[in-house]
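Beneath this line is the structure, given in structure tokens, with notes to follow.
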Ligand code: PAF
């Protein structure tokens with residue numbers, strides 16, 4: 001485990017001089033089996049694997065859960081050791097954001113849609129910290145979960161626009177037996193809410209099947225929202241059918257065969273906001 005960019009750099013340089021490649025999985029800790037599957041994917045695609053644990057203050061708005069975000073460093077380190085992660089980077093806030101720094105990364109457009117409407121600060125904080133982490137770790141390959149589909153697309157765009165020499169791989173969403181996507185914030189769910197939470201994925205799955213059969217998107221999306229509400233969710237931020245690259249809404253017409261499409265949803269259950277997504281095959 002290393003805490004500074006200088007110590008990290010010594011490992012990375014030694015590996016690269018020895019002809020090794022570096023796979024990287026950035027995390028905010030509170031690791032679950034979804035994170036570990038990303039580390040395993042990085043291991044399949046590089047000879048060395050680095051994970052970072054950093055609860056990034058710039059992606060939390062005032063009033064969000066930065067102070068209470070679950071922090072279990074000892075448990076996280078043991079979990080990473082169990083999947084043979086070679087090195088864990090645990091930087092301080094000062095290491096990531098040196099005092100006086102004023103430089104941020106904004107992936108405009110993609111960051112302002114969907115989740116960006118409800119959490120306007122969020123993707124600017126994510127892009128900024130991921131760009132900084134890439135500069136520290138200098139990975140050849142990096143793995144981001146498809147669970148955070150919008151984040152994955154924003155990082156792809158940032159890498160393309162800024163020319164970071166890193167290959168991005170999307171990792172499949174890990175799910176509980178009832179379909180709920182694994183997330184560190186699932187720890188917040190009250191027992192009754194946990195039981196109802198699987199309904200978001202079930203509604204998206206049903207919607208995906210109906211769209212693939214050619215049903216009108218407006219009808220499918222209305223039903224998906226109704227199913228989520230009926231399951232006990234409160235505010236539904238969005239259930240949207242979008243182009244998988246641009247994240248722009250698709251027109252309200254039956255999907256033509258071969259049209260790439262993705263369904264994304266975000267809704268509140270109790271005090272917890274859940275997001276999920278699914279591809280649509282036609
Ligand atoms: O997905 C996350 O856990 C975070 O947004 C990330 C990519 C580690 C940046 O802080």
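Readers should treat all values here as calculations from the given coordinates under stated rules, not as data from a laboratory. Here the structure is a predicted model, which means the values were calculated and not measured. Positions of Cβ are backbone-derived with ideal geometry, glycine not excepted, and every protein chain shown enters the neighbour counts.
Structure notes:
- Filtered residues of segment 222-243 (kept if closer than 28 Å to residue 154 by Cβ, surrounded by 15 or more Cβ atoms within 10 Å (Cβ to Cβ) and touching a residue at least 24 places away in the same chain (Cβ under 8 Å)): 224, 228, 233, 236, 237, 238, 239, 240, 241, 242
- When segment 176-192 is limited to residues that are farther than 13 Å from residue 35 by Cβ and in contact with a helix residue (DSSP H, G or I) (Cβ under 7 Å, 6 or more places away or on another chain), the one that is farthest from the ligand (Cβ to nearest atom) turns out to be 179.
- Only one of 146, 74, 108 that is under 21 Å from residue 244 (Cβ atoms) and exposed (fewer than 15 other Cβ atoms within 10 Å of the Cβ): 108
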